[in-house]
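Coordinate-derived values only; no laboratory data. All of these numbers come straight from a predicted model, not from anything done at the bench. When we count neighbours, we look across all protein chains shown, and the Cβ atoms used for this are built from the backbone with ideal geometry, even at glycine.
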Amino acid sequence: MLILDGLGDLPSPALRGQTPLEAARTPVLDGLAGSGLYGLVDPVKPGKIPNTHSGCGTLMGVLPTDLSRLNRGPIEASGAGRKLGIDEIALRANFATLQQRPDGLEIVDRRAGRISSGTDELAAGLSRVDLGDGISAELLPTDQHRCVVVLSGPGLNPEISDSDPGDRGMPAYFQPCVSRIDEAGFTAEKVNLFLEIARTHLAGHPVNRALEAAGRLPANAILMRGAGWGFSLDNVLDMRGVSAAVVAGCNTVIGLARTLGSEVKTDSRFTADANTDLAAKMRTALATLEQYDLVYVHIKAPDLFAHDHQPDLKRAFLEKVDEALKKLEQAGVIITVVADHSTDSNSGAHTADPVPALLFDPSSKAAQNDSPVNFSESACSVGNMPRQSSHQLLLRLLDLMEVPAVR
């Protein structure tokens with residue numbers, strides 16, 4: 001299963017009213033769709049805006065009834081190799097750029113210009129922060145601007161608001177965390193204290209001075225969201241006795257895989273950006289299929305280009321993905337192509353739109369036909385596979401693999 005993060009999109013004026021997928025030259029995807037099943041998939045349910053962890057989580061076997069338990073913080077901690085104790089909560093965090101204005105702290109960039117180096121140095125002074133009352137905080141950088149904050153100590157409760165407004169909340173001013181229930185007021189206070197300490201630490205940091213001297217945005221603040229305790233979940237793959245592995249470089253997806261008990265295949269060539277080694281991912285997927293029933297390959301870059309309002313670069317990258325797919329097509333394996341969510345290159349935000357998907361079985365009679373389609377959002381809206389949820393698509397794939405319904 002190839003998960004193209006943020007694959008779905010909306011028509012772009014920069015592409016003459018086409019989506020990046022519609023505008024891309026993708027002969028392999030077109031052939032797989034024309035010789036298989038293709039249609040639209042709702043990552044969670046119609047009208048619901050997914051994110052990476054809910055959209056990928058469903059595809060990786062999380063039951064729809066358990067999606068509300070997928071808090072981002074613990075998933076990111078798992079991806080960073082940080083196992084949470086019983087008195088710990090984790091939050092997904094971003095290095096960000098804030099600017100003081102007369103009416104408050106303006107969020108200039110939620111991702112600090114997608115900072116890609118120097119984050120280890122920025123985080124070093126925040127690796128163990130005493131917040132008083134037996135509470136400490138630990139900042140762990142993961143990939144690019146992304147990081148994890150772990151709070152340890154008695155009396156913590158994750159029912160707090162996010163300080164990260166998300167893309168749909170921009171432009172915005174910084175808002176401190178507040179408690180959603182009375183029992184979480186103490187936690188909100190400690191989180192806000194850490195955010196203040198982090199801003200003081202990052203202001204004037206040598207890494208930020210160098211960034212500003214080069215005309216780039218400084219990573220002078222931390223934004224956080226998705227607080228939660230550690231958790232474990234049952235999943236469809238375990239229930240049906242399917243062994244699975246995940247080829248990925250994205251910390252979120254690695255954390256999901258570990259949380260769900262799937263094997264992780266990653267190395268320095270697998271990144272969460274456009275520099276990821278697509279050919280190496282495909283080779284690793286095929287080698288891993290010799291030991292596992294189902295292998296996921298996650299590719300993050302389409303989502304990043306859409307978030308950054310770059311539909312032309314998203315189109316070009318999808319063409320690179322298509323070229324890399326030849327190796328899987330030639331291997332004679334069942335192939336599913338789908339996405340965790342749609343990301344609109346115009347607004348830079350996730351949307352509730354369904355995503356294009358295909359399911360190709362080289363042993364089917366249809367696979368012998370030479371009837372390519374322009375695999376895209378518009379073609380899938382009238383495809384030969386009914387509109388369904390990601391959960392239903394996974395079950396359809398397992399049935400095609402002839403996996404028994406009950407273990």
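Summary table
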read-out: Dipole in debye (nearest 20) - the stretch 77-228, about Cα centre, beta carbon charges: Lys, Arg +1; Asp, Glu -1; value: 540
read-out: In order through the stretch 356-362: 3J(HN,Hα) via Karplus (6.51 cos²θ - 1.76 cosθ + 1.60), integer Hz, x for Gly, Pro; value: x, 8, 9, 9, 10, 10, x
read-out: Chain lengthening between Arg209 and Gln330 when straightened (0.36 nm per residue, less Cα-Cα); value: 38.5 nm
read-out: Helix axis angle, 278-288 relative to the chain longest principal axis, alpha carbon, degrees; value: 70
read-out: Prolate/oblate/rounded call for the stretch 178-272, Cα gyration tensor, a/c under 1.5 rounded; value: oblate
read-out: Relative exposure of Ser54, Ser378, judged by other C-beta atoms within 10 Å (fewest first); value: Ser378, Ser54
read-out: Selected from Leu122, Gln291, Pro372, residue furthest toward positive end of dipole (the chain; charges at beta carbon); value: Pro372
read-out: Part-to-part distance (alpha-carbon centres) for the stretch 40-113 and the stretch 284-359, which is given in Å; value: 20
read-out: Farthest toward positive dipole pole in the chain [+1 Lys/Arg, -1 Asp/Glu at C-beta], among Leu193, Ile89, Ala280; value: Ala280
read-out: Amide proton proximity set for Ser12, modelled H, under 5 Å, gap of 5+; value: Gly17, Gln18, Thr19
read-out: Euclidean distance of C-alpha centroids, the stretch 389-406 and the stretch 129-168, integer Å; value: 37
read-out: Counting DSSP beta bridges with both ends in the chain, the antiparallel % (nearest 5); value: 75
read-out: Gaussian network model of the chain, springs between alpha carbon atoms under 10 Å - residue of Glu183, Glu138, Glu22 with greatest fluctuation; value: Glu183
read-out: Selection from Leu10, Ser390, Pro206, by position along the positive dipole direction of the chain (Cβ); value: Leu10
read-out: Ranked list, fewest to most other Cβ atoms within 10 Å of each Cβ, for Glu189, Glu106; value: Glu106, Glu189
read-out: Helix 185-202 axis, angle to the chain major axis (alpha carbon atoms, nearest 10°); value: 90
read-out: Most fluctuating residue given options Leu233, Leu21, Leu278, as computed from a GNM of the chain linking Cα atoms under 10 Å; value: Leu233
read-out: Simple Cβ-charge dipole of the chain, Lys/Arg +1 and Asp/Glu -1, about Cα centre, in debye nearest 20; value: 360
read-out: Residue of Asp42, Asp353, Asp66 that the Gaussian network model of the chain assigns the largest fluctuation, springs spanning Cα pairs under 10 Å; value: Asp66
read-out: Ratio of Rg to Rh over the chain (Cα coordinates, Kirkwood Rh, two decimals); value: 0.98
read-out: Close Lys-Lys pairs in the chain, where close means Cα under 26 Å and separation is 8 or more or interchain; value: 26
read-out: The stretch 313-372 - charge dipole about Cα centre, Lys and Arg +1 at Cβ, Asp and Glu -1, debye rounded to 20; value: 140
read-out: Difference of contour (0.36 nm per residue) and Cα-Cα distance, Asn384 to Gln100; value: 96.8 nm
read-out: Residue order, fewest to most beta carbons within 10 Å, for Asp182, Asp109, Asp340, Asp273; value: Asp182, Asp273, Asp109, Asp340
